[in-house]
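Notes for the one structure printed next.
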Amino acid sequence: MSDTPATAAPPAADDPYLWLEDVHGEKALNWVRERNARSQKELTARPEYEIIRAQVLDVLNAKDRIPYVSRRGNWLYNFWQDENHKRGLWRRTTLAEYRKAAPEWELLLDLDALGKAEGENWVWGGATCHGPEYRRCLLSLSRGGADAKVVREFDTAIKSFVKDGFVLAEAKSDVTWIDENTIYVATDFGPGSMTDSGYPRIVKRWKRGTPLSAAATVFEGEKTDVAAGVSVDRTPGFERTLFVRSTDFYNSRYFLQQTDKLLELDVPSDASPAFMRDSMLLTLRSDMKAADKTFPAGSLLVTDAAAHLKGERRWRALFTPTATRSLSGYTTTRDHVIVDVLDNVASKLEQWHKRGGEFVFSEIKAPFPGTLGVSALHDPLVKDDALADNYLMTYTDFLTPDSLYVATAGGSARELLKSRKPLFEARGMRVEQRFATSKDGTRVPYFIVWPPGAKADGLNPTLLYGYGGFEVSLNPWYSGGLGRSWYQRGGVYVVANIRGGGEFGPGWHQSALKANRQRAFDDFIAVADDLIAHKVTSPKHLGIEGGSNGGLLVGAVFTQRPELFNAVVCQVPLLDMRRYNRLLAGASWMAEYGDPDQPQEWRYLQAYSPYHNVKREAKYPRVLFTTSTRDDRVHPGHARKMVARMIEQGHDPLYYENIEGGHGGAADNEQRAHLQALEFTYLWQQLGG
């Protein structure tokens, strides 16, 4: 797969900076290095930089970080990075050992040593292992943190790669085990095998010992789809293979393998099905009428799988949303469905006990308000699984370090496994939730994190963060980096739960799609206005930050209302909405933003596209743009071109592009600490005076 599919896009006659879309072109990279040198020289010279960098690196490398795990058979697997293992260690332990304060880990793979031996800058991309033995695993490794990865088969017993095992060249791939000698593979098979979004279109069955060219095609999507894929459920007695065509970001068609044919599931295209032995679960993104009932968008439903496949339509709701309650997610143990509910952006847990074909409800008593996370420990491939109804539960909030519990479904009993020491002094701090009123009258919630002693006098350095897209909720989280770099220095932090997100279910997201995107921007502006009106801060001391879709958010907002802000951190952003669908994965997001090649849709995109609305005569706050050369999801050309245009217009933006890092912006903790130190140093430079 090419690193620069953008170069194949038709030229835009009015765009003088197309050459900056050539990701690895010498001219473009020389421009990047020059901008990097200027920005780093200015920011690293400030007294805050080295202090903040050291503090952030200490947080990132802290030895008491919770080593989060995933269960496979008798083992708990973890990937760990610290100052001595910058690229990381893949390792495993038992639950009995994990319960100890300092578990003994069995090392499986040292990525630093591997990269050094092979002369590669490998970044971990995950493992897919074949149970119930979990000896053979398909490891994904990326160069510099890109989404495109190399896949290599690994033997966990002898701790080495399998000679003549399964290997895939660098591409955006999807691999799934069928049996120990056969896998499903979706990858770049050559011309015509990828979608317009740059993801695999074809799924093949590949047998061990045969060349990839001999793999048999079993499923195909369309070129205009986002991707095609497959999942295999090997639960004994309930084995299923489910193929999927993602026709756009929110709509899919599902096909269940039935001996020698495929049966399409009769479910709404924007719903998400899953199986729990003989039951089928369904989450809804839009209202669904079944028999004499209408189930609202955001519901979680269940039915008998076999009956549904025979044509019966007997759905039952396990969760129904309200104006303030939405479905954050769910997990299944052997006999329970654990439901994670957001209630005014605070987590609660509920559970349903599956008894035959019936489901019995009960609440789970858990810490509140804050953010809870749940993941089942059940491995259906383990006979008489002792952990069949256990799950892991996490809790955190803005001022409380994360804790990890092992819990038993059916009640509220849980055991504390791990907890972190505080990474900053929270005494005297407080958190509150407020509501701003948007342009159309919608109430928009936001959180304020106050440092000790702060008063509403309009003088507080304040950082407003937002995302507002793709149904992503911004729930409270604990950040040692924010604590040390921002709170303890007197900074106020604000998180805006604007439309486009998922805080209040699918409707909250869908109300800001396509032609209505401006609502998300209006919500963010409303929060900024509210902060100023209530003297939490003032424009001189107010900064905004967002990444990816959030980078588009802050880009649109600072070009529309520059007088509100004195700092903008715009991370791995989308900014050119005329060409975004032609750059890397951009075509997959047209269900969110619209198609700029359609004149009626380009009209509303053009109205807010930051690259097309930045003006020579306007007075903007000084902006810091950050991106990554190895980001193969959001093209670095967005940020590059925006900076070049602003410089041409006489503005003075700062720019930093990590040569590695992928869409996360950094590949290891030292790079992450450097990037965050640049950002916080810039914020104090702009807002601290």
When the dipole is taken about the Cα centre of the chain, and only Lys, Arg (+1) and Asp, Glu (-1) are charged at their Cβ, what size is it in debye, to the nearest 20? 740 debye
Principal axes first, then extents: for the Cα atoms of the chain, list largest minus smallest coordinate on each axis, whole Å, largest first. 67, 56, 53
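Percent of alpha carbon pairs in the range 178-261 separated by more than 21 Å?
Values: 1115 of 3486 pairs.
Of all Cα-Cα distances in the range 178-261, 32 percent exceed 21 Å.
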If I take the Cα coordinates of the range 139-218 and project them onto the principal axes, what are the three extents in Å, biggest first? 41, 32, 17
Compactness check, the range 252-345: C-alpha Rg relative to the 2.2 N^0.38 Å globular estimate gives 1.11
Binning at 5 angstrom from zero up to the longest distance, how are the C-alpha pair distances of the range 363-473 distributed in percent? 2, 9, 13, 16, 15, 14, 12, 8, 6, 3, 2, 1, 0
For the chain, with the dipole built from +1 on Lys and Arg beta-carbon atoms and -1 on Asp and Glu ones, taken about the Cα centre, which of Q600, H674, T627 lies farthest toward the positive end? H674
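First measure r as the distance between the Cβ atoms of L459 and R561, then evaluate 1/(1 + (r/R0)^6) with R0 = 22 Å and state the FRET efficiency to the nearest 0.05.
Working: r = 21 Å, r/R0 = 0.95.
According to the calculation, E is roughly 0.60.
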Probe radius 1.4 Å, ligands and nucleic acids left out: which of I202, I178 has the largest accessible area, and how do the rest follow? I178, I202
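Show me the GluC sites (Glu not before Pro) within the range 139-233 that DSSP assigns to loop and that have at most 13 other Cβ atoms within 10 Å of their Cβ. Please report the intermediate quantities before stating the final value.
On the way: sites: E153, E170, E180, E220, E222; in loops: E180, E222.
Those that pass, being in a loop and sparsely packed, are E180, E222.
Å³ per residue of the Cα convex hull, for the range 308-375?
Here the figure is 105 Å³ per residue.
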Classify the range 489-563 from the C-alpha gyration tensor, please: rounded if a/c falls under 1.5, else prolate or oblate depending on whether a/b exceeds b/c. prolate
Taking just the alpha carbons, could you work out the radius of gyration and Dmax for the range 350-406, both in angstroms? 14.1, 42
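Quick check: at a probe of 1.4 Å, how many percent of the accessible area of the range 1-148 sits on carbon and sulfur atoms?
On the way: 3630 of 7100 Å².
Ligands and nucleic acids excluded, carbon and sulfur give 51 percent.
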Other-chain or far-sequence residues with amide H under 5 Å of I544's (modelled H): L464, A567, V568, V569
Each residue of the range 577-588 in turn: what ³J(HN,Hα) in whole Hz from Karplus with 6.51, -1.76, 1.60 and θ = phi - 60°, glycine and Pro shown as x? 7, 7, 10, 4, 6, 9, 10, 6, 7, x, 4, 6
What figure in square angstrom, to the nearest 10, would you give for the accessible area of T259 with a 1.4 Å probe? 130 Å²
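Within the range 158-242, what whole-number % of the accessible surface is contributed by carbon and sulfur, with the 1.4 Å probe and all protein chains included in the calculation?
52 percent
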Counting only heavy atoms of protein chains, what accessible area per residue, in Å², does the chain have with a probe of 1.4 Å? 40 Å²
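The values are calculated or read from the model by the stated rules, or taken from the named source; none is laboratory data. Remember, it's a predicted structure, so these values are computed and weren't measured experimentally. With ideal geometry, Cβ positions are generated from the backbone for all residues, glycine too; neighbour counts draw on all protein chains shown. Note: accessible area is taken over every heavy atom of the protein model, side chains too, but ligands, DNA and RNA are not part of it. Shrake-Rupley method; radii C 1.70, N 1.55, O 1.52, S 1.80 Å.
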